[in-house]
Amino acid sequence: MTPPQPGPDQVLRLPAIEIRQGKQRIYMFGIDGKELPRIATISRVHRTEVGDIGGYQRPEVLAHVGEIRRYLESEDPLLPNSLVIAFDRRVKFEALAGAELNGHGGFTKTGTLIIPVDDSVPDESKPGWIVDGQQRTAAIREARIDSFPVSVVCFIAKNIEEQRAQFILVNETKPLPRPLIDELLPSTNGTLPKRLALRVLPNRLIERLNTDEYSPLEGLIRTQTMPDGVIAANSMVQALRNSLSDGALYQYRDPETGYGDIEQLLGLVKPFWAAVEEVFPESWGKPARRSRLMHGTGVRSLSYLMDEIVMTRPTRAKPTVSTFVEALELIKPVCRWDRGSWNFHTGERRKWNDIQNLGKDRELVTKHLLTEYRMQSQR
């Protein structure tokens, strides 16, 4: 629904410069930082009631905000870096007549940025979202100063997906938690660099596995918005990426773009993990410290076993839960996910909770499961 248009007394008119970047436009302007909460808000990442990702900011880092606030309250503070704000289409730019600046390649114009202001609306209805500068904005808001002008670079986004894409691109090189960016990727439709595009598919799978009704992994993968999960998201990401690049899931993806058929992929992954739950019910759903089945080593070694089961089948028909259960029953007797000791084919003996999420331990457990499966399936 189109938001109501503001009246003449409900807008902020700010002198601004428009800069053309190909088909895109960015705008630069100055504003009292104390005024920013009137036109822009911080959209923190969260899950909506129906499970969709909402927002795209991390929670304020209070210690950092406090440091900036103390600096702003000191003598002669300076914040030279511009904040970045994404506005919705209610914000307009009016160029001045003959405003194109000569000597600048013809890509700049001066004019006025017109921003609607309504102090009675909730934050989520403000026309702008802060893409970069969350802590500076909070510090200015809390500082015991009358005003503090700041410079802002802004753009007018088509939709929230474009805002998320810009947030990721602005922040990907900063020390943001990777799980935050990974969780945002599935709901981002903007153009991304290939290194990020290749991370989209496994994270879209995780989002569906974690939120689909009747998914065996519903709510079990620990992400920024589902902190109570017992499987580390990165462990599942790595398991899926390995299978997508070299294993059973490869047939359903485009190796160039990194995208693939989500439903076909889920049609393989869901039955497998449903079978794991059925074969190992006593080890299922526990924290990794109590069950190595939910541990990085368990998740990744079993994913390799899934690849082996699918790729060595005599038929191209997609395996069912029953098919996977039958295969997993072959290796169940040698598994020690939450009690006892592993007796590896190498002759090494290890207590179940001595297994760590390290490369050598993952390789040890993976080889053990694959060897046992091959031996038993050939009998």
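Data for the structure
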quantity: Index of the failed condition, LEU305 passing every other in (1) within 15 Å of VAL365 (Cβ to Cβ); (2) in contact with an Asp or Glu (Cβ under 8 Å, 6 or more places away or on another chain); (3) not small (Gly, Ala, Ser); calculated: (2)
quantity: Qualifying positions in segment 142-163 - assigned to a helix (DSSP H, G or I) and within 28 Å of the chain's Cα centre (by Cα); calculated: ILE160, GLU161, GLU162, GLN163
quantity: Scope segment 346-356; condition touching a residue at least 60 places away in the same chain (Cβ under 8 Å) and touching a strand residue (DSSP E or B) at 6+ places or on another chain (Cβ under 8 Å); matching residues; calculated: TRP352, ILE355
quantity: Extreme residue, modelled with the lowest pLDDT, among residues of segment 8-43 that are in a loop (DSSP other than H, G, I, E, B) and touching a strand residue (DSSP E or B) at 6+ places or on another chain (Cβ under 9 Å); calculated: SER43
quantity: Single residue of GLY296, GLY260 found to be within 18 Å of ARG336 (Cβ to Cβ), under 22 Å from the mean Cα position of the chain (by Cα) and in contact (Cβ under 8 Å) with a residue 12 or more places away in the chain; calculated: GLY296
quantity: Total residues in segment 269-290, condition buried (at least 21 other Cβ atoms within 10 Å of the Cβ) and free of Cβ contacts under 8 Å to residues at least 60 places away in the same chain; calculated: 3
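The values are calculated or read from the model by the stated rules, or taken from the named source; none is laboratory data. Since the structure is predicted, the reported quantities are computational estimates derived from the model, not experimental observations. Ideal geometry is used to build each Cβ from the backbone, glycine not excepted, and the neighbour counts take in all protein chains shown.
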